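Here is the structure we will look at.
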Amino acid sequence: MPVPTPASAALFERARQVTPGGVNSPVRAFNAVGGTPRFITRASGPYLYDVDGQEYVDLICSWGPMILGHAHPEVVAAVSGAVARGTSYGTPTPAEVDLATALVERAPVEQVRLVSSGTEATMSAIRLARGFTGRDLVVKFAGCYHGHVDSLLASAGSGLATFAVPGTPGVPADFTAHTLVLPYNDRDAVAAAFAEHGDRIACLITEAAPGNMGMVAPEPGFNRFLSETCAAHGALFVSDEVMTGFRTHAHGRWGLDGELEGWRPDLLTFGKVMGGGFPAAAFGGRADVMAALAPTGSVYQAGTLSGNPVAATAGLTTLRLATDEVYAHLHRAGEAIRAGVGEALSAAGVPHLVQTDGTMFSVFFTEADGVDAVRDFAGASAQRTDRFAAFFHSMLEQGVHLPPSAFEVWFLSAAHDDAAVDRVLTALPAAARAAAA
Ligand code: PLP
């Protein structure tokens, strides 16, 4: 029996009058799974509470940021203190220096510039790479999402080393004419693109480990190969850690194997966890590259709310509380849920793959026969999304809120204790049977 959600339905109706599709970011509209999005009024620890009074175990975690869980008392106290001291000054503040220092201490960056969203971070990193190298071309991978930057909303052109076409109306073909889109984990495609265009490529941007086509790990040595290929051609290697940064590992995705494999990006982008649920993001990297940025250099970049003291306080407090124990907990809770999903889907006879990278994971409702791993966007797309939709709604009705798309990572937090994990495990068998039907 579907749980009645009259208050959410009424709000969705009102929202559609005043906002396209009733949402402020498309995936929230439930288009991929059907039905009515739940309107949330409150969140605490691992739980969301909607306007109809339902409680959900939250596996969205705001699409990554809430690594400590919702309304963590120390974050709330720090943020409340910051709010009381004034919310934005438009002058330098101590909090932004502390946050920048925390990023430099944790990630392989010498300097950072704070911005307000992941999109702004990748957009600015690309402008900086172009300004620094004096080149125009950008290489990206199909299935990697870097925010809604015009030149990165691009689909592959007709051949591997040909230029991209706009992935959405509203982006002029001239903009994506400077973008090359390649299949992920494909060294030959990267080598061919650099062989043909290497001296015109400003940068290659990749998710450090793609989490936006479901979780697809870089094959061993792939990031090192990208880093070396860029260096050999005088291009910058830009690692987008907006999703993975300080979630996959305390030092970001780079912390998993960067030192081990011997690769280091020239520029990195961050967001999500480093904002602690507030609009804060950053890009950073080599000091000589960052020096090209205004006001030291001539590449322009700015922001009214950049380094906002409330957002910086939330981010800094979150990073301080994200101790080794938090990452160990994410591993343990993730392992329990991954095992439960695998067991439930297998028992129901639903073909699937559970893929993990660091503390991040996702479930592919894959159909491809004999495939033991999804390694690129073509593989990720070979999914029974209808099965995911049935699975999703069964979980939702049992009080577990998954991301409403088959192509998303399931996010956990330090607050997902045994009780929350048990509720997920208990819901899985019925959801798996719904997916099989
Ligand atoms: N880069 C990656 C890897 C992301 O996952 C996202 C958002 O999901 C972005 C960039 C864009 O960040 P924002 O939504 O804060 O603009």
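The numbers here are math on the coordinates, done by the rules we state, and not lab data. Here the structure is a predicted model, which is why all the values come from computation and not from measurement. Please note: Cβ atoms are built from the backbone with ideal geometry, for glycine as well, and neighbour counts cover all protein chains shown.
Summarising the strand pairing of the chain, around 55 percent of its internal DSSP beta bridges are antiparallel.
When DSSP beta bridges are restricted to pairs lying wholly in the range 73-321, around 40% turn out antiparallel.
If you average the sequence gap of Cα pairs under 8 Å that are 6 or more apart and divide by the length of the range 73-321, what percent do you get for the contact order?
28 percent
With the alpha-carbon atoms as the only input, what is the per residue convex hull volume for the range 131-206 in Å³?
On the way: hull volume 6.6 nm³, N = 76.
Once divided by residue count, the hull of the range 131-206 is 86 Å³.
Measuring max minus min along each principal axis, the C-alpha atoms of the range 73-321 give extents of 56, 36, 34 Å (largest first). Each peptide in 148-156, 277-285 receives the mean, over its residues, of other Cβ atoms within 10 Å, and ordering these scores from highest gives 277-285, 148-156. Among the chymotrypsin sites (Phe, Trp or Tyr not before Pro) in the range 25-125, those placed in a DSSP loop whose Cβ has at most 11 other Cβ atoms within 10 Å are TYR89.
Computed from the alpha carbon positions, the gyration tensor of the chain leads to an equivalent ellipsoid with semi-axes of 33, 27, 21 Å, biggest first. Dividing the mean sequence gap of close Cα pairs (under 8 Å, 6+ apart) by how many residues the chain holds gives a relative contact order of 22 percent.
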